[in-house]
1. Where residues in the range 123-162 are part of a helix (DSSP H, G or I) and small (Gly, Ala, Ser), which of them is surrounded by the fewest Cβ atoms within 10 Å (Cβ to Cβ)?
2. Report, ordered by the first and then the second residue, all pairs with beta carbons closer than 9 Å, sequence separation of six or more or different chains, a first member in the range 114-128 that is closer than 13 Å to GLU104 by Cα, and a second member that is open to solvent by 60 Å² or more (accessible area, probe 1.4 Å) and not in a loop (DSSP other than H, G, I, E, B).
3. On the given criteria, is ARG34 open to solvent by 70 Å² or more (accessible area, probe 1.4 Å) and closer than 30 Å to LEU157 by Cβ?
4. Return yes when PRO66 is closer than 29 Å to ARG186 by Cα, within 17 Å of the chain's Cα centre (by Cα) and in a loop (DSSP other than H, G, I, E, B) and no when it is not.
5. Read through the list (1) free of Cβ contacts under 8 Å to residues at least 24 places away in the same chain; (2) open to solvent by less than 10 Å² (accessible area, probe 1.4 Å), then give the number of the only condition that ILE60 fails.
6. Under the condition of being more than 14 Å from VAL80 (Cα to Cα) and assigned to a strand (DSSP E or B), which residue from the range 111-122 is least open to solvent (accessible area, probe 1.4 Å)?
7. Exactly one of these conditions fails for ILE76: (1) open to solvent by less than 20 Å² (accessible area, probe 1.4 Å); (2) assigned to a loop (DSSP other than H, G, I, E, B). Give me its number.
8. Testing GLU180 on (1) open to solvent by 20 Å² or more (accessible area, probe 1.4 Å); (2) closer than 20 Å to ALA69 by Cβ, one condition comes back false. Which one is that?
Amino acid sequence: MSRMRTPRRPDVTTLELIGGAEALELELHSYDKRWASSYLEHQRRISDAVTTGKISIEHIGSTSVPGLAAKPIIDILVTVDDITAEEDYLDALLDAGYELRVREPRHRLVRTPTRDVHVHLFEHDDPAVHEYLLLRDHLRSDATDRALYEDTKRRLLSKRWDDMNDYADAKTDVIMAIKERARAARGR
């Protein structure tokens, strides 16, 4: 059950993309068991850094799905008590070596300077948290949708993208269809 809470201050109302759009050359790599180890290293780093409030940390994205080819970027989901209370988590993450990349309503993103780890921050009860975990868990258990997702990524990565966000947006329809099947499978 979600509890009503009052944020410490109003959240941002627009997207702030620190550094602007970035053209990236991306390629898929076969699943690498070292991705799980890298996640665990960053899980410890984040847990050691953020000591104010309750947090939870999950490995999400393609590198969290054994057998799925992925861009070699570890995506981590961190939930915090209050996204507007950046003093509870952001300075600690910056001090731990991460850089702020995105500040937008209900979401912050920090990453490593080498851009091989992206840490997505949301509040505990944000609906996006459930959506990330729904997709991850379904792809871990459904070989057909895992293959569909990989094929889609391979097709899209054969194009040049001026911004990684545009590539992510291009996957939306397939991701939505997979999540609908995941919901249906959970309803059985």
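The values are calculated or read from the model by the stated rules, or taken from the named source; none is laboratory data. Owing to the predicted nature of the structure, the values given are computational and were not obtained by experimental measurement. Using ideal geometry, Cβ is built from the backbone for each residue, glycine included, and neighbour counts are taken over all protein chains shown. Side chains are part of the model used for accessible areas, which takes the heavy atoms of the whole protein and leaves out ligands, DNA and RNA. Shrake-Rupley method; radii C 1.70, N 1.55, O 1.52, S 1.80 Å.
1. So in the range 123-162, the residues part of a helix (DSSP H, G or I) come out as 127-141, 143-157.
Filter again for small (Gly, Ala, Ser), leaving 128, 141, 143, 147.
Details: ALA128: 14, SER141: 12, ALA143: 10, ALA147: 13.
Only one residue fits best here, namely ALA143.
2. HIS120/TYR132; PHE122/TYR132
3. The answer is yes for ARG34.
4. Working: closer than 29 Å to ARG186 by Cα: yes; within 17 Å of the chain's Cα centre (by Cα): yes; in a loop (DSSP other than H, G, I, E, B): yes.
Yes.
5. ILE60 satisfies every listed condition except (1).
6. Filtering the range 111-122 down to residues more than 14 Å from VAL80 (Cα to Cα) leaves 111-118.
Pick out the ones that are also assigned to a strand (DSSP E or B) and you get 111, 117-118.
Values: ARG111: 26, VAL117: 1, HIS118: 20 Å².
That would be VAL117.
7. (2)
8. (2)
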